[in-house]
Amino acid sequence: MVNLFSRMIVGITIRMPRWFVRWISRRYVAGPTLDDAVKVMKRLEKEQACFTIDVLGEEISTLGEATFFLEEYQRVIKAIVENNLDANLSIKPTAFGLLIDKEAGMANIESLVKSAEEHDMYVRLDMEDHRVTQDTIQVVIDLHNNGITNVGCVLQGRLFRTIDDIKSVTKELGPAADYRICKGIYLESEDISYTTRAAIITATNDCIDELIVSGAYLAVASHDHPIINHTLKALELAGMGPNKEDVRTNSAKPRKNKGPGYEFQMLLGVRGPLRRKLRKDGHRTRVYIPYGEKWYEYSIRRLRENPTIATQVMKAILMPWSNRP
Ligand code: FDA
């Protein structure tokens, strides 16, 4: 029923004029330009959040198109440094050519990660759909094996494989392992993923527990109370938390601009009060800031990929008290 309703809203939204979609998406997308993103971050700096910046646009059809992302992310690095922002980069591996030519994609990502390294800046590889799960993880392992360690990827709790990925990748990377863990936005098939809300939450929480035990840096990306509450309890059990050193004997020394072994991450425009409450309680919070000319394509594709977002967006508009930016 909810699904049908969500699909109906998606059907209506994609027929609406661009200005309408922009009106809805401006809460979630900083704007078309890098200046817009900087302005949003300057505003949110007041709540002592830190940031990760995403240049909108994903899978490309020719390798030449990756040049745009390479150049734009160089501008982002420069803007972070010039504006003295506590921010790092989030990139989509397919925008760098990973699905067209693995080696060329890897070379593009490596060149960006090296540029970021010059400024002691971290690069997070967002996780896209199942076609690139293995290759995205492999890029991170290969870069670490080449001595480039300011890079990590995202893991999706809904995938069956993730719990084993945590064990095997952490074995390879040791304390340098650093993950963002989320439920996963792509609606994958039941052959490879959990598909009910309850099972996805349980699996994601299991991954969070495994990450804590493994000694990895843990970035929990969720706005969902059962995930956040579980994380808070699990951290407490592990002796971790605000103003405490990471007591795990198998973890790495804290990196510049990272929390004591963990942080919380949320999307721009979603559940601001919860984010501010976590910050007020002393936890490190990072806001995901998407910007770019492709805001329209991004918004429509996100809705198509996961129609339940449409219901959440409608709820945020119609019942603003339930979900303030
Ligand atoms: P859930 O979807 O149940 O949301 C909980 C509540 O939060 C909702 O009830 C609603 O109130 C609010 N909410 C959540 N999303 C909303 C929205 N868009 N609009 C309005 N309200 C909303 N996925 C992936 O596959 N690869 C990736 O690399 C990333 N990266 C990533 C980074 C960051 C910083 C975050 C926060 C999330 C991601 N994700 C992701 C997306 C993630 O997998 C997941 O789809 C979303 O975070 C939504 O899941 P929640 O855990 O928030 O629960």
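In the stretch 280-303, the qualifying residues are those that are of a type in the set (D, E, K, R) and buried (at least 16 other Cβ atoms within 10 Å of the Cβ), and the one that is farthest from the ligand (Cβ to nearest atom) is Lys294.
Which members of the stretch 196-219 meet the condition of being outside any helix (DSSP H, G or I) and either near the ligand (Cβ under 9 Å from one of its atoms) or within 18 Å of Gln312 (Cα to Cα) (or both)?
Step one: of the stretch 196-219, the residues outside any helix (DSSP H, G or I) are 196, 215-219.
Thr196, Ala219 - these are the residues of the stretch 196-219 that are outside any helix (DSSP H, G or I) and either near the ligand (Cβ under 9 Å from one of its atoms) or within 18 Å of Gln312 (Cα to Cα) (or both).
Those strands (runs of 3 or more DSSP E) of the stretch 120-187 in which 1 or more residues are polar (S, T, N, Q) occupy 151-156. Scanning the stretch 254-269 for residues that are open to solvent by 50 Å² or more (accessible area, probe 1.4 Å) and either without any contact (Cβ under 8 Å) to a residue 40 or more places away in the chain or outside the structural domain of Pro242 (by TED's automatic domain parsing) (or both) gives a single hit, Pro254.
Scan the helices (runs of 4 or more DSSP H) fully inside the stretch 240-325 and keep the ones with 1 or more residues being at pLDDT 90 or above.
Correct list: 272-280.
Residues satisfying the criterion are present in the stretch 180-187 (criterion: in contact with a helix residue (DSSP H, G or I) (Cβ under 6 Å, 6 or more places away or on another chain), open to solvent by 30 Å² or more (accessible area, probe 1.4 Å) and modelled with pLDDT of 95 or more).
Which residue, of Asp164, Asp126, is acidic (Asp, Glu), assigned by TED's automatic domain parsing to the domain that holds Leu268 and open to solvent by 20 Å² or more (accessible area, probe 1.4 Å)? Step through it out loud before you land on a result.
Working: Asp126 fails: open to solvent by 20 Å² or more (accessible area, probe 1.4 Å).
Going through Asp164, Asp126 in turn, just one is acidic (Asp, Glu), assigned by TED's automatic domain parsing to the domain that holds Leu268 and open to solvent by 20 Å² or more (accessible area, probe 1.4 Å): Asp164.
The values are calculated or read from the model by the stated rules, or taken from the named source; none is laboratory data. The structure displayed is predicted, hence computed values, not measured ones. Glycine also receives a Cβ, built like all others from the backbone with ideal geometry; neighbour counts cover every protein chain displayed. We work out accessible area using only protein heavy atoms, side chains counted, and drop any ligands, DNA or RNA first. Shrake-Rupley method; radii C 1.70, N 1.55, O 1.52, S 1.80 Å.
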